[in-house]
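The numbers here are math on the coordinates, done by the rules we state, and not lab data. Quantities reported herein were computed from a predicted structural model and do not represent experimental measurements. No Cβ is skipped: glycine too gets one built from the backbone with ideal geometry, and neighbour counts run over all protein chains shown.
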Amino acid sequence: MSFEPRLVGFLCNWCSYTGADLAGTARMKYPPNMRVIRVMCSGRVDPNFILEALAHGADGVLVLGCHPGDCHYAEGNYKCRKRLPITKRLVEGMGIEPQRVRLEWVSASEASRFSEVVTEFTEQIRVLGPLKLEDWTFDRAAADAQLEHN
Amino acid sequence: MGMVTIRIDGKPIEVEEESYILQAAQTLAIDIPTLCWYRYINPYAACRLCMVEITDKRGRVRMVTSCNFPAEAGLGVRTHTPRVLATRRMNFEMLASRCAPAPVLVDLGKKLGIENPRWGWGEDTCILCGLCVRVCDEVVGAQAIGFAARGTSRTVTTPFEVDSEACILCGACAAVCPTGHIRMEECSGREIVHREITLGPNAAISVPFRQAVPNAPRIDPEYCVHFRTGGCKVCAQVCPMECIDHEDEERREEIEVGAVILATGFQDLDPTPLKQYGYGKLPNVITSMEFERMNSAAGSTDGKILMEGGQEPRSIAILHCIGSRDEKHHPYCSRVCCMYALKFAHLVKEKTTAEVYQLYIDLRSFGKGYEEFFQRILTEGVNLIRGKGAEVVPAPQSRRDEGPLLVRCEDTLAGRFREIPVDMVILCTALEAQQDAKETGRKFGVSVGADGWFIERHPKLGPVSTTTDGIFLAGACQGPKDIPDAVAQGGAAAAQAMSLMIRGEVEMDAACAVVDEALCSGCRLCNELCPYGAISFDIEKTLSLVNAALCKACGTCAAGCPSGAIKGLHFTDQQIYAEIEGILS
């Protein structure tokens, strides 16, 4: 049996969640691998949530928010846009492929984009294979070198 | 100053002491000829045509100029005695001997019974009445022109007969000149302030348009003589209600309100960049707004449909979707164009005999009664061509007589290319969001979509309100819409604003952020994160507090709090962790 990734999606209530809703009502097809957690804003996505999801066995985490400038809360998605790269670096430091965490913009009317993003992300994770956390050991020297490098 | 009674031609009249006889006579509608008198300038007695005979209080009889002779108690004035008339005739003939027969002089001569002055006519068109010099000095305050030389060589000119820097090109001298000796001419590098000094749409003081609300004139300080020289104020003298206040200026006022309705409307797409339609380059290619203006009874042509030369067009092409439904400009449909284009066709058919061509992509007659109107237009002999107008070019010489403009299009129903010669082209330009919509939106916490229109709270369930409480949308600022829709939305916005204000209290969402005072370290990170300024810092307690009335529960603060002190109710960390666990178990 082929590998079916388990994905967690954090969807902003106003754009992406509505977009996902629309994809549903429009009967658009997308892989069932992603489980959705609704948050009010992509700015609510605490990096801890992403780590928690990965720790609990998610193979990838997708964060979807409103397009820049369209945030229901004016600038929540900008906060998210700042936080995500840091989170990715953090994840990378833990030996996890940073591609397993992704931020995308999906507006309320972009049902087709939603299904495309989910499909593409699922395929990407499928290629990456399951996340094996037990492989990871903290390499202090490498981490320090990385810090030095940055 | 006291009032005195004088008698003019036996009629008593009460006038202000020291006021001039001429004005009193004008009040009594007694005609006294004059060439150098003007209401807003001090009398000058240059033309000597307003001579009257007076009997003063001591009984002396003498001839005086009525324009500058002050009234005194018991003064008797006779305006049409043989002696008076003879004097006027003599003065007129002497004036005529040096002046050219300008219409105003010829008419006056006829009135005085002089067809052929005994010393003939002269050649000078200037009668040296001095109106221009005095208006420039006393009214305008520019003092750009004056008299030069003396005696027979006396002339009106600028200092040293060179172009005067002091002249503001207001044209007042030309307007008061009775003979037309002074004319306004274009001179390079300087703009004539008024082309017309009469009250009209181009005057410095005018009502913006006939249906303006409030329907009151306003002064354009850029063109008003007063704001350039500090003089004039003639309008204030004319106004019987003393309404004109030149000292009034714009003020900024702060008003406390309970709700705001944004109704900033749309702007018209400028079709100049769409070079294929030749707007601004080819004559008689106009926008729908310009056509609408022309059709207005208060418009530039009094409601007549005319071409640039003033003749009626023989054929008109109406091009739909200029800039709308166009990937290069606006992908959306502007909604109103189809119906107003049909209305245009109807108006053209009603007012002229012109042939009308409608070039459309799709005809969207979507509203109540709209389809019926469309059907009616079909019976009026309008040519409907399915196919967007591709190009407007000058017609080749061979087809010039059919129409100077050639509209190229693909008739998708007939399945062929067409070239239609027409006299006039109307471009149905797209409705665009206001240029500064984004800035306005930011001021009111309303976001704008990709096209620049304000985004409503919900496309179906909240089409009037916005994501900021108390801010409502009405009309085309939210998206292209026609008048009934705009009126409906305006009504709804007003009702929602009213209901918010009448209640006196604001309904809150149960979800909001709360601070756990025991955990908050007072780092103030959240203060900066909050887009609504809902989190303030309590200096005494050294911790941050959430104002629940301002909080919109986005949770940005909760995600950013390093000590986990802020909880977004209904979306707490625990709840989301539980969700993660749940869906991955």
Legend entry - Length added when fully stretched, B:LEU378-B:LYS443, from 0.36 nm per residue minus Cα-Cα: 18.7 nm
Inset, instruction - Would you work out the charge dipole size for region B:513-584 about its Cα centre, treating the Cβ of every Lys and Arg as +1 and the Cβ of every Asp and Glu as -1, and quote it to the nearest 20 debye? - result: 180 debye
Inset, instruction - Work out the length of the dipole vector of region A:7-149 about its Cα centre, built from +1 on the beta-carbon of each Lys and Arg and -1 on the beta-carbon of each Asp and Glu, and round it to the nearest 20 debye. - result: 360 debye
Inset, instruction - Return B:TRP453, B:TRP119, A:TRP14 ranked ascending by Cβ neighbour count within 10 Å, so the fewest neighbours appear first. - result: B:TRP119, B:TRP453, A:TRP14
Legend entry - Only Lys, Arg (+1) and Asp, Glu (-1) charged, at Cβ; region B:133-188 dipole about Cα centre in debye: 320 debye
Inset, instruction - Provide the packing ranking of B:27-34, B:418-425, i.e. peptides ordered by the mean count of other C-beta atoms within 10 Å per residue, highest first. - result: B:418-425, B:27-34
Legend entry - Amide hydrogen neighbours beyond the local backbone of B:PHE69, cut-off 5 Å, H modeled: B:ILE21, B:LEU22
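Out of the DSSP beta bridges found with both residues in region A:7-149, what percent are antiparallel (nearest 5)?
On the way: 0 of 16 bridges.
Within region A:7-149, antiparallel bridges account for around 0 percent of the total.
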Inset, instruction - Pull up the DSSP beta bridges for the protein assembly as shown and report the antiparallel fraction as a percent, rounded to 5. - result: 55 percent
Legend entry - Positive minus negative residues near B:THR556 (Lys, Arg vs Asp, Glu; Cβ under 15 Å): +4
Inset, instruction - Take peptide A:77-86, look around each residue's Cβ out to 10 angstrom, count Cβ atoms belonging to other protein chains, and average those counts. - result: 2
Inset, instruction - Could you please report the charge total around B:ASP268, scoring K, R as +1 and D, E as -1 over all other residues with beta-carbon less than 11 angstrom from its beta-carbon? - result: -4
Legend entry - Rounded to 5, percent antiparallel among DSSP beta bridges of chain B: 65 percent
Inset, instruction - Determine which lysines satisfy two conditions relative to B:LYS368: a Cα distance under 17 Å, and not lying fewer than 8 residues away in the same chain. - result: B:LYS343, B:LYS481
Inset, instruction - Kindly identify region A:26-150 as rounded, prolate or oblate by the Cα gyration tensor criterion: order the square roots of the eigenvalues as a ≥ b ≥ c, call it rounded if a/c is under 1.5, otherwise compare a/b with b/c, prolate if a/b is larger, else oblate. - result: oblate
Inset, instruction - Can you tell me the relative contact order of chain B? Whole percent, Cα pairs under 8 Å, sequence separation 6 or more. - result: 8 percent
Legend entry - Inter-chain shielding of A:108-115 (mean C-beta neighbours from other protein chains, 10 Å cut-off): 1
Inset, instruction - Report, by chain and number, residues whose modeled amide H sits under 5 Å from the one on B:GLU355, excluding near sequence neighbours (fewer than 5 apart, same chain). - result: B:SER315, B:ILE316
Legend entry - Pairwise FRET efficiency - B:GLU505 versus B:GLU16, Cβ, R0 = 60 Å, nearest 0.05: 0.40
Inset, instruction - Apply the Karplus parameterisation 6.51 cos²θ - 1.76 cosθ + 1.60, with θ equal to phi minus 60°, to every residue of region B:439-452 and state each ³J(HN,Hα) to the nearest whole Hz, in sequence, with x for glycine and proline. - result: 5, 4, x, 5, 4, 9, x, 10, 8, 10, x, 4, 8, x
Legend entry - Peptides B:340-348, B:552-560, B:172-180 ordered by average Cβ neighbours within 10 Å, highest first: B:552-560, B:340-348, B:172-180
Legend entry - Exposure proxy ranking, count of Cβ atoms within 10 Å, fewest first, for B:LYS233, A:LYS29: A:LYS29, B:LYS233
Legend entry - Anisotropy class of region B:277-429 from Cα gyration tensor, a/c 1.5 cut: rounded
Legend entry - Which of B:GLU17, A:GLU75, B:GLU161 has the fewest Cβ neighbours within 10 Å, and the rest in rising order: B:GLU161, B:GLU17, A:GLU75
Inset, instruction - Provide a whole-number value for the mean count of partner chain Cβ atoms within 10 Å of the Cβ atoms in peptide A:42-49. - result: 6
Inset, instruction - Would you mind checking the pairs B:LYS275/B:LYS443; B:LYS349/B:LYS388; A:LYS29/B:LYS460 and listing those with alpha carbons more than 30 angstrom apart? - result: B:LYS275/B:LYS443
Legend entry - Distance between modelled label sites at B:ASN547 and B:THR125, nm, 7 Å Cα→Cβ extension: 7.1 nm
Inset, instruction - Would you mind computing, in nm to one decimal, how far apart the modelled labels at B:THR572 and B:GLU222 are, each placed 7 Å from Cα along Cα→Cβ? - result: 6.3 nm
Legend entry - J(HN,Hα) series, region A:77-91, from Karplus relation 6.51 cos²θ - 1.76 cosθ + 1.60, nearest Hz, glycine and proline x: 5, 5, 4, 5, 5, 6, 6, 4, x, 5, 4, 4, 4, 4, 5
Legend entry - Using a Förster distance of 56 Å, the FRET efficiency for B:PHE209-B:THR5 (Cβ separation, nearest 0.05): 0.75
Inset, instruction - Show the residues, 5+ positions off or on another chain, whose built amide H is closer than 5 Å to the amide H of B:ASP538. - result: B:LEU543, B:SER544, B:LEU545
Legend entry - Per-residue HN-Hα couplings for region B:338-343 [Karplus 6.51, -1.76, 1.60; θ = phi - 60°; Hz; x = Gly/Pro]: 3, 6, 6, 5, 5, 4
Legend entry - Whether region B:388-429 is rounded, prolate or oblate, judged on the alpha carbon gyration tensor where a/c under 1.5 counts as rounded: oblate
Inset, instruction - Evaluate the distance, in nm, between pseudo-label points positioned 7 Å from the Cα of B:LYS57 and of B:VAL238 along their respective Cα→Cβ axes. - result: 3.8 nm
Inset, instruction - Please grab the % of Cα pairs in chain B that end up more than 37 Å from each other. - result: 62 percent
Legend entry - Stokes-Einstein D in µm²/s, Kirkwood radius over Cα pairs - the protein assembly as shown at 10 °C with 1.306 mPa s viscosity: 47 µm²/s
Inset, instruction - Give, as a single signed number, the net charge of other residues whose beta carbon lies under 14 Å from the beta carbon of B:VAL139, with Lys and Arg counted +1 and Asp and Glu -1. - result: +2
